[in-house]
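The values are calculated or read from the model by the stated rules, or taken from the named source; none is laboratory data. These numbers come from a predicted model, not from an experiment. For neighbour counting, all protein chains shown are included, and Cβ atoms are generated from backbone atoms with ideal geometry for every residue, glycine included. These area figures cover heavy atoms from the full protein model, side chains too; ligands, DNA and RNA do not enter into them. Shrake-Rupley method; radii C 1.70, N 1.55, O 1.52, S 1.80 Å.
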Amino acid sequence: MSITVYVPRDAGSLSLGAEAVASAIATEAKRRGLEIRIVRNGSRGLYWLEPMVEVATPEGRVAFGPVQADDVAGLFDADFLHTGHHALSLGPTEEIGYLKSQQRLTFARVGIVDPRSLVDYRAHGGYRGLENALGMSGPEVVQAVTDSGLRGRGGAAFPAGIKWKTCMDAQASQKYIVCNADEGDSGTYADRMIMEGDPFVLIEGMTIAGLAVGATQGYIYLRVEYPHAQRALDSAIQTAAAGGYLGSDIHGSGKAFHLDVRMAAGAYICGEETSLLESLEGKRGMVRFKPPLPAIEGLFGKPTVINNVVTLASVPTILDKGAAFYRDYGMGRSRGTLPLQLAGNLKRAGLVERAFGLTLRELIEDYGGGTVSGRPVRAIQVGGPLGAYIPVSQLDTPIDYEAFIAIGGMLGHGGIVVFDDSVDMAAQARYAMEFCAIESCGKCTPCRIGSTRGMEVIDRLKAGDTAERDRNEVLLRDLCQTMLGGSLCALGGMAPFPVLSALDHFPEDFAGAAEAAI
Ligand SMILES: Cc1cc2nc3c(=O)[nH]c(=O)nc-3n(C[C@H](O)[C@H](O)[C@H](O)COP(=O)(O)O)c2cc1C
Ligand code: SF4
């Protein structure tokens, strides 16, 4: 009987040699006359163990990793197809502590299913949410999303139900669903993992959104550096259409929803929703004034729901298991689960989906295992390049939108980048201003000019004597206030977060050269 072997095909695993591993396994099995079936799954998100190979057994899957092509002959010698022991054995996959303690709702199928198989998707509970939604009215679906407490996972944490209702209530001959898959934040990869590992869940979520608000066309605005996600999405869209789950008659309902992928322009600002719309319309990605809100006047001037990949991919679970089921997870106004992406100087970087409420310390220490350098953690940047730098004294902050706002930070898209004590926080602050200067769309003065002036003041701060240091710090804080209050969008409006947090928590790194010499 043929044995199924899983070798991931997501971009992360491929960059670590998964393609060579898959072909070595196929070649070695053939040479030994063994019949196997290789499934190219998504990553489980345990990146320090990638490429992680799994073998299906009657008792569940067993894992081996990290596997390189050179290890493959030895794995066969150890009879890994029949759970034979090998130095790379990790035991039953579901028993690996990092995975076992997670609460995977949105990522329930990622790494488990064959991302190209609709049959596999349905066998693992896929399209149950859509089937339920087809039996409900648009307002009932929108109410379910509202009741679930789901907030946007792209950064602003705006309640998804309110956005959907605004679009649903708008009167127009054409409406759109746009998925923001630009994933520009540093240290983030949850969107990519979903699109590569379980693309049907995003398609299902967008279809439910379309039916709910009355939109018949959807677009996925996909980060241009994601060719593997593009291939996975293209394949899944074709398969879904052939299976009657996309097109002019969704699952025999007589209702239409069409979906296309558009490759993004390769600029951070094109992840900002109005800039994204400009880009999708074929123009340069410049931020639009709001109002009008995109939900009322969005793509091509029509009512448009724009949501992040994780937001939309969370919808099928809500429609399948119910709003109360989803809402039961979490704390305060942060309901459900958040896929957190651990990156930077960590022993065990990877994807951790947990209900809101666990602490940053649990993430860094229990999951991350501390720094890979072995040096003490000094700062953690949460929420991408515009997120605040959090000192170790605030590690007990719970993962909750409001708790992060209270310490001057933000959760954003759930990216967590760890730095050890060798980091120069003044250099990091300067980098925030430099990033803003490079990525600014140029529409408003505080961001376009302020970011460059910010770099210059930080340079002067570093170089100046004590008297000048005080003057330059006042100037820098004043400039940050102008950017915070006067920028048109959150690029200029949040670039001061990393700068101010670095100044507040790590003032010693801004000591001028003359001062440091004393
Ligand atoms: C400079 C900038 C970049 C952004 N980049 C992204 C991005 O890459 N992906 C994303 O989903 N949202 C991004 N956003 C947030 C979007 O503007 C918008 O809030 C989001 O797409 C709404 O979806 P959600 O409610 O599901 O989060 C960005 C915002 C700003 C200001
Ligand atoms: S803050 Fe920066 S990116 Fe945003 S509109 Fe102004 S210039 Fe453009």
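Values computed for the structure shown
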| quantity | calculated |
| --- | --- |
| Unique match (being charged (D, E, K, R), open to solvent by 60 Å² or more (accessible area, probe 1.4 Å) and touching a residue at least 24 places away in the same chain (Cβ under 8 Å)) among E468, E456 | E468 |
| Wholly within the stretch 1-90, strands (runs of 3 or more DSSP E) carrying at least 1 residues that are among the hydroxyl-bearing types (S, T, Y) | 3-6, 53-57 |
| Any hit, the stretch 211-223, residues being away from ligand 2 (no atom under 16 Å from the Cβ), over 27 Å from M168 (Cα atoms) and not polar (S, T, N, Q) | yes |
| Test: residue in the stretch 54-74 that is among the aliphatic types (A, V, I, L, M), closer than 30 Å to M168 by Cα and either at pLDDT below 95 or open to solvent by less than 40 Å² (accessible area, probe 1.4 Å) (or both) | no |
| Whichever residue in the stretch 322-360 is open to solvent by 40 Å² or more (accessible area, probe 1.4 Å), more than 18 Å from the chain's Cα centre (by Cα) and touching a residue at least 60 places away in the same chain (Cβ under 8 Å) and, among such residues, is farthest from G152 (Cα to Cα) | K347 |
| Residue in the stretch 160-167 that is in a loop (DSSP other than H, G, I, E, B), among the hydroxyl-bearing types (S, T, Y) and touching a residue at least 24 places away in the same chain (Cβ under 8 Å) present | no |
| Residue tally, condition touching a Ser or Thr at 6+ places or on another chain (Cβ under 6 Å) and not in a loop (DSSP other than H, G, I, E, B), over the stretch 110-129 | 1 |
| From the options S275, S253, residue that is surrounded by fewer than 22 Cβ atoms within 10 Å (Cβ to Cβ) and in contact (Cβ under 8 Å) with a residue 60 or more places away in the chain | S253 |
| Which listed residue, of R104, R116, is at negative phi and out of contact with any helix residue (DSSP H, G or I) (no Cβ under 8 Å at 6 or more places or on another chain) | R104 |
| Sole exception among (1) touching a strand residue (DSSP E or B) at 6+ places or on another chain (Cβ under 7 Å); (2) acidic (D, E); (3) within 16 Å of ligand 1 (Cβ to nearest atom) for E225, by number | (1) |
| Test: residue in the stretch 361-369 that is at pLDDT 95 or above, of a type outside the set (A, V, I, L, M) and surrounded by 20 or more Cβ atoms within 10 Å (Cβ to Cβ) | yes |
